[in-house]
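Asker: Below you will find the structure I want to go over with you.
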Amino acid sequence: MEAINATQGTVSRGEWGFTDSIHDFNAVVAWRDAAIADGWEHRPTYGTHESEDRACKLTRDGFVVNVLTRTHDKAKRRYEAQVSAWGPDGLAIRVPDIYDWHAMQNAVMRCNYCGACPVETSRVAFAGRACGTCGPQERAKLSRDWAK
Ligand SMILES: [Zn+2]
């Protein structure tokens, strides 16, 4: 199971990244290792607080990726496996299921709401990436929600 969050561009395995599937967990580990092998700079996301094996921050040409590959002994789910990515403009990009640098570069021209590509994109909310059609609609929805 995989869910893609339009606003974040995140690929979560299971529910919000929480899963009992070793297959899902290994897929995210493989994603991270492929990126590192492809030359991304990498470091522990939380400095000395958590090992890079569990929380890794990847950077390349202005792109930023956060990878969570946590195992839990006592939690409801055994694994936490998630990849989130942002383009050089700070907006979310859709993460390919299998690591693919070329696809990530193209993703800055992809609307995360309707999937149109290639298109000009602009910000919605914190880091949402929208095309010229979805942008105004999504911004209108947001202002309605904030008005409640
Ligand atoms: Zn769109």
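The values are calculated or read from the model by the stated rules, or taken from the named source; none is laboratory data. Note that the structure is predicted; figures quoted are calculated from it, not measured. Cβ sites come from the backbone with ideal geometry, for glycine too, and all protein chains shown count toward neighbours.
For (1) of a type in the set (Phe, Trp, Tyr); (2) more than 24 Å from Ala127 (Cβ to Cβ); (3) surrounded by 14 or more Cβ atoms within 10 Å (Cβ to Cβ), each residue gets a yes or a no:
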site: Ala27; (1), (2), (3): no, no, yes
site: Asp33; (1), (2), (3): no, yes, yes
site: Gly39; (1), (2), (3): no, yes, no
site: Phe63; (1), (2), (3): yes, no, yes
site: Arg70; (1), (2), (3): no, no, yes
site: Asp73; (1), (2), (3): no, yes, no
site: Ala85; (1), (2), (3): no, no, yes
site: Pro88; (1), (2), (3): no, no, no
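Asker: Right, another one. Residue by residue through segment 14-55, note down the ones that are part of a loop (DSSP other than H, G, I, E, B) and more than 16 Å from Arg70 (Cβ to Cβ). Before you say what the answer is, go through the steps one by one.
Answerer: Kept after step one, since they are part of a loop (DSSP other than H, G, I, E, B), are these residues of segment 14-55: 14, 16-17, 20-21, 38-40, 45-46, 50-54.
Scanning segment 14-55 gives Asp38, Gly39, Trp40.
Asker: Just for segment 11-25: of the residues that are within 24 Å of Ala107 (Cβ to Cβ) and surrounded by 17 or more Cβ atoms within 10 Å (Cβ to Cβ), which one is modelled with the highest pLDDT? So that I can check it myself, show each step before the final result.
Answerer: Of the residues in segment 11-25, the ones within 24 Å of Ala107 (Cβ to Cβ) are 11-17, 19, 24-25.
From the residues that got through so far, the ones that are surrounded by 17 or more Cβ atoms within 10 Å (Cβ to Cβ) too are 11-14, 17, 19, 24-25.
Details: Val11: 57, Ser12: 58, Arg13: 60, Gly14: 57, Gly17: 78, Thr19: 86, Asp24: 89, Phe25: 92.
My answer is Phe25.
Asker: Tell me, yes or no, whether segment 125-142 has at least one residue that is within 25 Å of Ala35 (Cβ to Cβ), at pLDDT below 95 and among the aromatic types (Phe, Trp, Tyr). Show your work before the answer.
Answerer: Of the residues in segment 125-142, the ones within 25 Å of Ala35 (Cβ to Cβ) are 126-129.
Cutting the leftovers down to at pLDDT below 95 gives us 126-129.
From what's left, among the aromatic types (Phe, Trp, Tyr): 126.
The answer is yes, given that some residue of segment 125-142 is within 25 Å of Ala35 (Cβ to Cβ), at pLDDT below 95 and among the aromatic types (Phe, Trp, Tyr).
Asker: Of the numbered conditions (1) surrounded by fewer than 16 Cβ atoms within 10 Å (Cβ to Cβ); (2) under 17 Å from the mean Cα position of the chain (by Cα); (3) within 16 Å of the ligand (Cβ to nearest atom); (4) in contact (Cβ under 8 Å) with a residue 12 or more places away in the chain, Gly115 fails exactly one; give the number of that condition.
Answerer: Gly115 satisfies every listed condition except (4).
Asker: Can you find, within segment 98-112, the residue that is farthest from the ligand (Cβ to nearest atom) among those that are surrounded by fewer than 17 Cβ atoms within 10 Å (Cβ to Cβ) and of a type in the set (S, T, N, Q)?
Answerer: Narrowing segment 98-112 to residues surrounded by fewer than 17 Cβ atoms within 10 Å (Cβ to Cβ): 98, 100-103, 105-106, 109.
With of a type in the set (S, T, N, Q) added as a condition, the list becomes 105-106.
Values: Gln105: 19, Asn106: 15 Å.
So, considering only residues that are surrounded by fewer than 17 Cβ atoms within 10 Å (Cβ to Cβ) and of a type in the set (S, T, N, Q), the one farthest from the ligand (Cβ to nearest atom) is Gln105.
Asker: While we're looking at this one, here's another question. Going through segment 118-135 one residue at a time, which ones are more than 10 Å from the ligand (Cβ to nearest atom) and either surrounded by fewer than 19 Cβ atoms within 10 Å (Cβ to Cβ) or free of Cβ contacts under 8 Å to residues at least 12 places away in the same chain (or both)?
Answerer: Hits for segment 118-135 are Pro118, Glu120, Ser122, Arg123, Ala125, Phe126, Ala127.
Asker: Cβ-Cβ below 6 Å, separation at least six or inter-chain, first residue in segment 41-60 and closer than 18 Å to Val28 by Cβ, second at pLDDT below 95 and of a type in the set (Gly, Ala, Ser): which pairs?
Answerer: none
Asker: As an exercise: evaluate Ala140 against (1) surrounded by 13 or more Cβ atoms within 10 Å (Cβ to Cβ); (2) hydrophobic (A, V, I, L, M, F, W, C); (3) within 16 Å of the ligand (Cβ to nearest atom) and give the number of the one condition it does not meet.
Answerer: In the conditions (1) surrounded by 13 or more Cβ atoms within 10 Å (Cβ to Cβ); (2) hydrophobic (A, V, I, L, M, F, W, C); (3) within 16 Å of the ligand (Cβ to nearest atom), Ala140 misses (1) alone.
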